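A.B. asks: What follows is a structure written as structure tokens; I'll ask about it next.
Values quoted throughout were computed directly from the atomic coordinates according to the rules given, and no laboratory measurement underlies them. Please read these numbers as outputs of a predicted model, since none were measured by experiment. Cβ coordinates were reconstructed from backbone atoms using ideal geometry, including for glycine residues, and neighbour counts include every protein chain displayed.
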């Protein structure tokens, strides 16, 4: 198990530019030029940020500049060498750095719950079907708390640019699968995953499961504002629900974004839509050809100070009173950019809890 991997995630709006080019295109070209092992671009369906503008696919006008998230994972040295260029090209957005361990046959014994991230090509197949079906079935069989499949529209795989095209096989355009389970469940499932796939890229991160199917298990850990060296800590809440599950007559993720925005507690939130997945005891599912309403998983992400996250969790807890998987993670570095305004830093905090 290697502790020297980093995940660099950048959240910004779809229309944002870097000079004469779209920022997303310029950023992914940079990742390809530097040979980043894996990166994936995901399009969001709703968000708001420090300027308090809510953008959503519900509104034709506000759906013209929806959020984008680009996650890149590689060695600490490779990602560290990219940070200044990414920051320099991003005029407005949120940048986070998180530690991720590359799975290499064993898991650490000190983790109770873990988050697995599996990267696979869009058209890669297992037993004649899309690989992500087999991966979700395996994780469900091992009783993971949940898994969500995100369809990448662009990215890198093995250091090469893989962009989705209307006419093309798109075999290696990246798909990202995020799963949450106990360390023991992961230890049993991962050898089977390796047998299914040829040298899969799987990273492991520590996570705390706060709620499962509406049941409160624990609140997010109470983290300090800074580590022993004065570097700021951030905390992330991730809420996994389905587009078909409702609270007060509306999809949970839409209610959650509205409540968080109205509260003015958090600086922002982003919602990503998956294409397949499960949480709790529900079988893996997604959109079908003939159905009433969408059945796909959705993920709401909130990143802020530990103090703010503790207050925001009360809203999350209420809205997910009957449905949803809620997790908490420490984020060792976060930088918010808005023109000449910079809040936070890319220096990694170090804190054990």
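A.B. asks: Contour minus end-to-end for residue 322 and residue 198, with contour as 0.36 nm per residue of separation and end-to-end as the Cα-Cα distance? Could the numbers behind the result be given before it?
C.D. replies: Numbers: separation 124, 0.36 × 124 = 44.64 nm, distance 3.88 nm.
My answer for the length gained is 40.8 nm.
A.B. asks: Of all the Cα-Cα pairs you can form in the stretch 1-145, what percent are over 21 Å apart? If you can, show how the numbers build up before the last one.
C.D. replies: Details: 5841 of 10440 pairs.
The share of Cα pairs beyond 21 Å in the stretch 1-145 comes to 56 percent.
A.B. asks: Rg and Dmax in Å for the stretch 85-208, alpha carbons only: what are they?
C.D. replies: Considering the stretch 85-208 through its Cα atoms, Rg and Dmax are 15.6, 47 Å.
A.B. asks: Place the peptides 256-267, 144-155, 128-139 in order of packing, highest mean first, counting for every residue the other Cβ atoms within 10 Å and averaging per peptide. Working shown, then result.
C.D. replies: On the way: 256-267: 17.9, 144-155: 24.2, 128-139: 19.8.
Peptide ranking by packing, descending: 144-155, 128-139, 256-267.
A.B. asks: I'd like to know how the stretch 128-269 sits against the 2.2 N^0.38 Å rule of thumb: what's its Cα Rg over that expected value? Mind showing how you got there, number by number?
C.D. replies: On the way: Rg = 18.6 Å, N = 142, 2.2 N^0.38 = 14.5 Å.
Expressed relative to 2.2 N^0.38 Å, the Cα Rg reads 1.28.
A.B. asks: Taking every pair of distinct Cα atoms and averaging 1/r, then inverting, what Kirkwood hydrodynamic radius in Å comes out for the stretch 182-231? Before the final figure, lay out the partial values.
C.D. replies: Working: mean 1/r = 0.0696 Å⁻¹.
About 14.4 Å for the stretch 182-231.
A.B. asks: Using the Cα atoms of the stretch 196-353 to build a convex hull, what is its mean projected area in square nanometres? Please list the in-between numbers first.
C.D. replies: Values: hull surface 49.7 nm².
Across all orientations, the stretch 196-353 yields a mean hull projection of 12.4 nm².
A.B. asks: What is the mean projected area of the alpha carbon convex hull for the chain, to one decimal in square nanometres? Working shown, then result.
C.D. replies: Numbers: hull surface 68.6 nm².
Result: a mean projected hull area of 17.2 nm².
A.B. asks: Can you tell me the alpha carbon radius of gyration of the stretch 141-225 divided by the globular rule-of-thumb value 2.2 N^0.38 Å? Write out the running numbers ahead of the final one.
C.D. replies: Details: Rg = 16.7 Å, N = 85, 2.2 N^0.38 = 11.9 Å.
Dividing the Cα radius of gyration by 2.2 N^0.38 Å gives 1.41.
A.B. asks: Figure the gain on full extension for residue 129 and residue 15 (residue separation times 0.36 nm, minus the Cα-Cα span) and round it to one decimal in nm.
C.D. replies: Roughly 37.6 nm would be gained on extension.
A.B. asks: If r is the Cβ-Cβ distance from residue 307 to residue 141 and R0 is 51 Å, what FRET efficiency results, to the nearest 0.05?
C.D. replies: Numbers: r = 40 Å, r/R0 = 0.78.
Calculated transfer efficiency: 0.80.
A.B. asks: Per Stokes-Einstein, at 4 °C and 1.567 mPa s, what whole-number D in µm² s⁻¹ belongs to the stretch 6-53, with the Kirkwood radius over Cα pairs as the hydrodynamic radius? List each step's numbers first, then the result.
C.D. replies: Working: Rh = 12.3 Å.
Reported coefficient: 105 µm²/s.
A.B. asks: Arranged from highest to lowest average of other beta-carbon atoms within 10 Å per residue, in what order do the peptides 239-249, 185-195 appear? List each step's numbers first, then the result.
C.D. replies: Working: 239-249: 19.0, 185-195: 16.5.
So the order, starting with the most tightly packed, is 239-249, 185-195.
A.B. asks: Evaluate the relative contact order of the chain (contact order divided by residue number), counting alpha-carbon pairs under 8 angstrom at least 6 apart; express in whole percent.
C.D. replies: On the way: 838 pairs, mean separation 76.8, N = 353.
Relative contact order for the chain comes out at 22 percent.
A.B. asks: Sketch the reach of a paramagnetic label on residue 350 as a point 7 Å from Cα along Cα-to-Cβ, and name the residues of the stretch 183-207 whose backbone nitrogen lies under 20 Å away.
C.D. replies: Only 205-206 pass the distance filter.
A.B. asks: Still on this structure: Could you work out how much longer the chain between residue 164 and residue 338 gets when fully extended? Use 0.36 nm per residue separation minus the Cα distance between them, nm to one decimal. Numbers along the way, then the final one.
C.D. replies: Details: separation 174, 0.36 × 174 = 62.64 nm, distance 2.97 nm.
Here the segment from residue 164 to residue 338 would lengthen by 59.7 nm.
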